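Participant: Attaching a single structure in structure tokens format; questions to follow.
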Amino acid sequence: MQLVADEHSVSFTSGSPDTVLPALPDERRAALAHAEAQPTAGRVAALRALVARWPDCIDGWASLAEVSDDPVEAYAFARVGYHRGLDALRGSGWRGSGYVRWRHEENRGFLRALDALGQAARRLGEDVEADRCAQFLRQLDPNWPAERER
């Protein structure tokens, strides 16, 4: 006997689903690697050029936030990466719950942007926002930050 699923079928899963962002296209991945390989002064210029060309490149915004010495600038770069990441997550089926884990390389730009946002907020004295970012990271990936150290 063969069972056929109908429109009223229920599928069961174990635990919360993982959302994985799409991989960076090869051209963007190469440009990002090239930018990040530059000495510090050239790295910032190359990353700025990258996000100017591809404003939706979450990894580029995260990298800019991480290399910025100015906490206001780092906050702004991280905020853009975070919001671009939320847009990409929603486009990938995420509806505000479920995991977005570090172990999936495609998610790392978003998680880095969220982490950088929390760090920049802390540097600006926005402790409530910094704590919210830290909590959100642990909700998205319960192994955070240990997962990042691998």
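The values are calculated or read from the model by the stated rules, or taken from the named source; none is laboratory data. Remember, it's a predicted structure, so these values are computed and weren't measured experimentally. We place every Cβ from the backbone using ideal geometry, glycine too, and count neighbours over all the protein chains shown. Side chains are part of the model used for accessible areas, which takes the heavy atoms of the whole protein and leaves out ligands, DNA and RNA. Shrake-Rupley method; radii C 1.70, N 1.55, O 1.52, S 1.80 Å.
Participant: Which of the residues spanning the range 141-150 are surrounded by fewer than 17 Cβ atoms within 10 Å (Cβ to Cβ) and outside any helix (DSSP H, G or I)?
Facilitator: Selection gives Pro142, Asn143, Pro145, Arg150.
Participant: List, please: which pairs have Cβ atoms under 6 Å, are six or more places apart or on different chains, and start with a residue in the range 132-147 that is on the phi < 0 side of the Ramachandran plot and end with one that is of a type in the set (Gly, Ala, Ser) and assigned to a helix (DSSP H, G or I)?
Facilitator: Filtered contacts from the range 132-147: Cys133/Gly118; Ala134/Gly118.
Participant: Given the criterion part of a helix (DSSP H, G or I), surrounded by fewer than 21 Cβ atoms within 10 Å (Cβ to Cβ), touching a Gly at 6+ places or on another chain (Cβ under 9 Å) and modelled with pLDDT of 95 or more, identify the matching residue among Arg90, Arg108, Arg122, Arg79.
Facilitator: Residue meeting the stated conditions: Arg90.
Participant: I've got another one for you. Out of the residues in the range 125-140 that are small (Gly, Ala, Ser) and part of a helix (DSSP H, G or I), which is most open to solvent (accessible area, probe 1.4 Å)?
Facilitator: For the range 125-140, the residue satisfying everything is Ala134.
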